[in-house]
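The structure under discussion appears below in the form of structure tokens.
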Amino acid sequence: MAEAQPAAGGPTPQPDGADERIKDIGGFRNWLVRPELGGIVGTIAVFVFFGILAGDSGMFNAQGILNWSVVSAQFMIIAVGACMLMVAGEFDLSVGSMIGFAGISIAMFGVVWGLPMWLAILITFAICIGIGALNGLIVVRTGLPSFIVTLAFLFILRGFTIFIPQTVESRTIIGGIEEAAEGDWLAAIFANDIMGWLFVWLADIGVIETFTRGTREGEPVVSGIPMLIVWALVLVVIGHLILTRTRFGNWIFAAGGDAQAARYVGVPVDRVKISMFMTTAFCSTVFACCQVFEFGSAAADRGILKEFEAIIAVVIGGALLTGGYGSVVGAALGALIFGVVQQGLFFADVESSLFRVFLGVILLFAVILNTYIRRIITGER
């Protein structure tokens, strides 16, 4: 029996298993709408640029790589939290103030008031995550823009960061953290280097340089991988897995894409947004812990402008300012670009103040690119 033919002018038969509601998009177009595209292109361009401009300056020897890796890791830690929050459709402008507040909190509890350092760290995490939850609660209960709420907390936290040590100790820089943290089990996961044996071996076979004078003569110029870098990589991996491999990650995208529609299908939007504010506060506190144990002191002016640097790194990484679209890997690449450029200007003997110019230019370019990508995705003109 002959098969029935479609009527003239009727719909074209679809191949078996095909869904006529799904538009077929080519591979190249798929790459264009990947959130990491801008970060990948920017990373390649930055490395090529400084490879030509500062390739023989020591930027890419062991010590140079460590320098820009540490700076990149700092940006990366706070960019992870900022990225997940922006995907959920919100901003946190209190990140920088939270870093300064957390550092002073650790110093006050662990040095001034004499608590064990592990307890000072745990109390600081509890306070900061609680403040993050308060930020989120105010946003979801009042409907106020997160920009306004967190801008208020930017000033509140910065004010307390200066007021508390000034009132108690009559100073805004508190030292003695290294001595107070000596032998502490929890401080060690923020302060130490790991895999020192690997760098000793690399120095023995001549892959990396050693010190030629002073008390460290014969030792490798890089003693290990700082825990700051370890924390950055761990947070990037965890954030990426949550966003791309879990139901909660789907909720984050849904809450940022269309909160009302997400509520209709059962997504706990308020809980998701509050959790993301808490995540941002957690990342800021991790940054503060690594910083105070690296420098051995806490200062009230730490963290200034870090919130904007985190947001710019996330935007470079492909996240949309409107929410619902982004990538933790892209944000990490944006942070890497920041670290390489900041240190690259130094190695290239270029005025370091131009780094701020770079931030502004790259932000403008990234927003234009992301707007173009959003139009491709949504079909807007």
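Give just the number: which of (1) assigned to a helix (DSSP H, G or I); (2) among the aliphatic types (A, V, I, L, M); (3) closer than 26 Å to Arg245 by Cβ does Val361 not satisfy?
(3)
So which residues in region 187-218 are exposed (fewer than 11 other Cβ atoms within 10 Å of the Cβ), not small (Gly, Ala, Ser) and not in a helix (DSSP H, G or I), if there are any at all?
Within region 187-218, Ile205, Thr212, Arg213, Thr215, Glu217 meet the criteria.
Give Gly303, Gly339, Gly318 a once-over and let me know the one that is in contact with an Asp or Glu (Cβ under 7 Å, 6 or more places away or on another chain) and either touching a residue at least 24 places away in the same chain (Cβ under 8 Å) or not in a helix (DSSP H, G or I) (or both). Give the steps one after another, and end with the answer.
Numbers: Gly303 fails: in contact with an Asp or Glu (Cβ under 7 Å, 6 or more places away or on another chain); Gly339 fails: in contact with an Asp or Glu (Cβ under 7 Å, 6 or more places away or on another chain).
The match here is Gly318.
Residues in region 67-89 that are in contact with a Pro (Cβ under 8 Å, 6 or more places away or on another chain) and surrounded by fewer than 24 Cβ atoms within 10 Å (Cβ to Cβ): how many? Steps first, please.
Of region 67-89, the ones in contact with a Pro (Cβ under 8 Å, 6 or more places away or on another chain) are 70, 73.
Among the residues that remain, those that are also surrounded by fewer than 24 Cβ atoms within 10 Å (Cβ to Cβ) are: 70.
Of the residues in that region, 1 qualify.
Just the residues that are part of a helix (DSSP H, G or I) and either surrounded by 15 or more Cβ atoms within 10 Å (Cβ to Cβ) or among the β-branched types (Val, Ile, Thr) (or both), please, taken from region 172-186.
First pass over region 172-186, keeping only residues part of a helix (DSSP H, G or I): 177-180.
Hits for region 172-186 are Ile177, Glu178, Ala180.
Determine which member of the set Phe155, Phe160, Phe147 is touching a helix residue (DSSP H, G or I) at 6+ places or on another chain (Cβ under 8 Å), under 19 Å from Met98 (Cα atoms), of a type outside the set (Lys, Arg) and loosely packed, with under 14 Cβ neighbours inside 10 Å.
Details: Phe160 fails: loosely packed, with under 14 Cβ neighbours inside 10 Å; Phe147 fails: touching a helix residue (DSSP H, G or I) at 6+ places or on another chain (Cβ under 8 Å).
Step by step, each of Phe155, Phe160, Phe147 is checked, and only Phe155 is touching a helix residue (DSSP H, G or I) at 6+ places or on another chain (Cβ under 8 Å), under 19 Å from Met98 (Cα atoms), of a type outside the set (Lys, Arg) and loosely packed, with under 14 Cβ neighbours inside 10 Å.
Considering region 34-66 alone, what residues qualify as being of a type in the set (Ser, Thr, Tyr) and surrounded by 18 or more Cβ atoms within 10 Å (Cβ to Cβ)? Step through it out loud before you land on a result.
Quick first cut of region 34-66, residues of a type in the set (Ser, Thr, Tyr) only: 43, 57.
Selection gives Thr43 alone.
Please give the number of the condition Thr150 fails out of (1) of a type in the set (Ser, Thr, Tyr); (2) under 17 Å from Arg302 (Cβ atoms); (3) in contact with a Leu (Cβ under 6 Å, 6 or more places away or on another chain).
(2)
Spot the failing condition for Phe125; the list is (1) within 23 Å of the chain's Cα centre (by Cα); (2) surrounded by fewer than 24 Cβ atoms within 10 Å (Cβ to Cβ); (3) farther than 22 Å from Ala298 by Cα, and only one is missed.
Just one mismatch for Phe125, condition (3).
Could you list all residues from region 180-198 that are in contact (Cβ under 8 Å) with a residue 60 or more places away in the chain and not aliphatic (A, V, I, L, M)?
Initially, region 180-198 is screened for residues in contact (Cβ under 8 Å) with a residue 60 or more places away in the chain, giving 180-181, 184-187, 190-191.
Within region 180-198, Asp184, Trp185, Phe190 meet the criteria.
Determine whether Val292 is in contact with a strand residue (DSSP E or B) (Cβ under 6 Å, 6 or more places away or on another chain), modelled with pLDDT of 90 or more and closer than 28 Å to Gly130 by Cβ.
Numbers: in contact with a strand residue (DSSP E or B) (Cβ under 6 Å, 6 or more places away or on another chain): yes; modelled with pLDDT of 90 or more: yes; closer than 28 Å to Gly130 by Cβ: yes.
Yes, satisfied.
Quick one: in region 226-259, of everything that is without any contact (Cβ under 8 Å) to a residue 60 or more places away in the chain and more than 17 Å from Ala332 (Cβ to Cβ), which residue is surrounded by the fewest Cβ atoms within 10 Å (Cβ to Cβ)?
My answer is Arg247.
Residue check, Gly257 against (1) over 22 Å from Arg34 (Cβ atoms); (2) modelled with pLDDT under 95, all met but one. Which one?
(1)
Residues are listed down the side, and each one gets a yes or a no for (1) modelled with pLDDT under 80; (2) in contact with a strand residue (DSSP E or B) (Cβ under 9 Å, 6 or more places away or on another chain); (3) under 22 Å from Gln342 (Cα atoms):
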{"position": "Thr12", "(1), (2), (3)": "yes, no, no"}
{"position": "Ile25", "(1), (2), (3)": "yes, no, no"}
{"position": "Arg34", "(1), (2), (3)": "yes, no, no"}
{"position": "Leu37", "(1), (2), (3)": "yes, no, yes"}
{"position": "Ser57", "(1), (2), (3)": "no, no, yes"}
{"position": "Phe60", "(1), (2), (3)": "no, no, yes"}
{"position": "Gly81", "(1), (2), (3)": "no, no, yes"}
{"position": "Met84", "(1), (2), (3)": "no, no, no"}
{"position": "Glu90", "(1), (2), (3)": "no, no, no"}
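The values are calculated or read from the model by the stated rules, or taken from the named source; none is laboratory data. Keep in mind that what you see is a predicted model, and the values were worked out from it rather than measured. Cβ atoms come from the backbone with ideal geometry, glycine included; neighbour counts cover every protein chain shown.
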